Amino acid sequence: MTISCLPSLASKWIGPQLLDWQIDHPGATVRLVGAETEPRLGAEQVDFRISYGTKYRDFEHYTELFTDWVVPACSPMLLAKHPVGKPDLNGSGRPAPFVPR
């Protein structure tokens with residue numbers, strides 16, 4: 001089986017997990033390809049790709065694994081100088097856009 005994904009995903013997430021998985025599945029052969037570009041499934045020797053963003057729409061078959069949440073982070077000194085109130089969820093389940101005071 002050949003898995004393709006971004007190089008950072010291969011080295012920081014899948015690679016370490018894969019080692020443990022292969023220990024538990026000694027007969028399985030897995031090749032991990034870290035690549036910035038999307039493979040041409042069927043034309044290249046890749047069984048599946050883990051993509052990020054909207055690139056998955058380029059493929060006929062896909063499953064969303066998870067979504068990202070982006071949150072602000074700042075130093076305590078900055079927060080003391082520029083206090084921020086609680087986010088207004090507006091019934092959407094997501095914080096309203098940040099507007100500095």
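The values are calculated or read from the model by the stated rules, or taken from the named source; none is laboratory data. In this text, all values refer to a predicted model and were calculated from it rather than measured experimentally. Because the Cβ atoms are built from the backbone with ideal geometry, glycine has one as well, and the counts that use them run over all protein chains shown. When the accessible area is computed, the model is the full protein with side chains, heavy atoms only, and any ligands, DNA or RNA have been set aside. Shrake-Rupley method; radii C 1.70, N 1.55, O 1.52, S 1.80 Å.
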For the range 22-63 the number of residues that are of a type in the set (S, T, N, Q), open to solvent by 60 Å² or more (accessible area, probe 1.4 Å) and in contact with a Leu (Cβ under 9 Å, 6 or more places away or on another chain) is 0
For the range 63-78, pairs from a residue that is in a loop (DSSP other than H, G, I, E, B) to a residue that is of a type in the set (A, V, I, L, M) and open to solvent by 90 Å² or more (accessible area, probe 1.4 Å), with Cβ under 8 Å and 6 or more apart or across chains, are none
